[in-house]
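Note sheet for the following structure.
The values are calculated or read from the model by the stated rules, or taken from the named source; none is laboratory data. Quick caveat, the model's predicted, so the values are computed rather than measured. Here Cβ is always computed from backbone atoms with ideal geometry, including for glycine, and neighbour counts include all displayed protein chains.
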Amino acid sequence: MKVKDCISVVTGGASGLGEACVRMLVGGGARVAIFDLQDERGTALSEELGSSVIFAKTDVTGEESVQSALSATIEAFGGINVAINCAGVGDPGKLLGKKGPMSLSFFNRVVQINLIGTFNVIRLAVEKMVTNTPNEDGEKGVIINTASVAAFDGQVGQPAYSASKAGVVGMTLPIARECADYGIRVMTIAPGLFNTPMLAMLPEAAREALGNMVPFPKRLGNPEEYAKLAEQIIENPMLNGEVIRLDGSIRMAAR
């Protein structure tokens with residue numbers, strides 16, 4: 001599938017990795033729907049990028065919200081070829097903190113957004129994609145999910161986050177196997193330490209120290225580098241059913 005002229009939805013598309021994907025897609029000639037809860041940022045980005053972009057305020061955990069956003073995309077652009085799932089939260093929390101055990105509501109919220117939200121968008125987007133006219137390879141659509149190296153190297157304070165991202169990793173292959181019957185590819189990217197809003201709240205010294213943990217290159221990843229991999233996944237039909245670590249070969253320490 002070519003980026004040019006494809007119709008894409010990007011969850012979490014108003015900032016960070018998602019915004020980089022939106023810009024990559026538009027730069028390559030695609031039409032894009034931004035699914036995000038950030039009204040101001042989503043609207044500003046869509047206005048900046050012009051008529052090839054719409055913003056749909058979307059709660060990825062809600063069926064009606066996602067259905068409505070998908071319908072708005074189809075109404076605006078005529079279909080959906082690509083869905084990139086970048087929406088997520090990285091809230092830290094220890095199993096046993098100063099106030100006692102981690103609350104189930106905290107754990108559930110992280111899993112609901114990162115894992116259930118991703119699955120919700122996949123299932124509803126695939127329902128739309130199966131009606132597409134296949135290309136010469138029989139391809140009708142591409143799904144790209146966002147996991148994390150925390151799925152494999154979870155640190156102290158990340159049980160909820162690691163569990164949610166491990167769930168995304170775990171469902172990639174079975175969903176890809178099923179979607180192969182529909183002409184839809186499914187891939188997951190597991191980023192390492194990237195320069196996103198999740199890390200923006202840290203002091204510069206802390207961000208520099210995190211970057212120095214990466215074997216090479218010794219810096220935080222740039223969102224544009226995530227978007228470049230997403231572009232290659234869209235355009236390379238042999239990439240399917242796999243999780244790609246995009247992490248400078250980092251393996252996270254326990255703390």
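So for segment 65-87 (the condition being part of a strand (DSSP E or B) and either surrounded by fewer than 19 Cβ atoms within 10 Å (Cβ to Cβ) or free of Cβ contacts under 8 Å to residues at least 24 places away in the same chain (or both)), does at least one residue qualify? No, every residue in segment 65-87 fails to be part of a strand (DSSP E or B) and either surrounded by fewer than 19 Cβ atoms within 10 Å (Cβ to Cβ) or free of Cβ contacts under 8 Å to residues at least 24 places away in the same chain (or both). Regarding segment 104-120, can at least one residue be identified that is in contact (Cβ under 8 Å) with a residue 24 or more places away in the chain and touching a strand residue (DSSP E or B) at 6+ places or on another chain (Cβ under 6 Å)? Scanning segment 104-120 turns up at least one residue that is in contact (Cβ under 8 Å) with a residue 24 or more places away in the chain and touching a strand residue (DSSP E or B) at 6+ places or on another chain (Cβ under 6 Å). Against the criterion of being out of contact with any Cys (no Cβ under 7 Å at 6 or more places or on another chain), assigned to a loop (DSSP other than H, G, I, E, B) and surrounded by fewer than 18 Cβ atoms within 10 Å (Cβ to Cβ), residue 238 qualifies. If you check 43, 58 for being farther than 18 Å from residue 3 by Cβ, surrounded by fewer than 18 Cβ atoms within 10 Å (Cβ to Cβ) and touching a strand residue (DSSP E or B) at 6+ places or on another chain (Cβ under 7 Å), only one passes: 43.
Per the conditions (1) over 20 Å from residue 2 (Cβ atoms); (2) surrounded by 23 or more Cβ atoms within 10 Å (Cβ to Cβ), the sole criterion not satisfied by residue 142 is (1). Being under 30 Å from residue 250 (Cβ atoms), surrounded by fewer than 16 Cβ atoms within 10 Å (Cβ to Cβ), within 16 Å of the chain's Cα centre (by Cα) and not polar (S, T, N, Q) holds for only one residue in 170, 90, and it is 170. Of the residues that make up segment 147-155, is at least one surrounded by fewer than 17 Cβ atoms within 10 Å (Cβ to Cβ) and without any contact (Cβ under 8 Å) to a residue 40 or more places away in the chain? No - not one qualifying residue is present in segment 147-155. On inspection, residue 137 passes the criterion of being more than 23 Å from residue 19 (Cβ to Cβ) and touching a residue at least 60 places away in the same chain (Cβ under 8 Å). The residues in segment 199-240 that are among the aromatic types (Phe, Trp, Tyr) and closer than 20 Å to residue 22 by Cα can be counted, and the count is 1. Among the residues of this structure, residue 252 does not count as one that is buried (at least 18 other Cβ atoms within 10 Å of the Cβ) and part of a strand (DSSP E or B).
Within segment 187-234, the only residue that satisfies the criterion of being polar (S, T, N, Q), buried (at least 16 other Cβ atoms within 10 Å of the Cβ) and without any contact (Cβ under 8 Å) to a residue 40 or more places away in the chain is 195. Given the condition polar (S, T, N, Q) and either modelled with pLDDT under 95 or within 24 Å of residue 228 (Cα to Cα) (or both), answer yes or no: does some residue in segment 66-80 qualify? Yes, some residue in segment 66-80 is polar (S, T, N, Q) and either modelled with pLDDT under 95 or within 24 Å of residue 228 (Cα to Cα) (or both).
If the condition is being touching a helix residue (DSSP H, G or I) at 6+ places or on another chain (Cβ under 6 Å) and over 18 Å from residue 3 (Cα atoms), then segment 25-40 contributes 35, 36.
Listed by position, the helices (runs of 4 or more DSSP H) enclosed by segment 98-211 that each have at least 3 residues that are at pLDDT below 95 and out of contact with any Cys (no Cβ under 8 Å at 6 or more places or on another chain) are 197-200.
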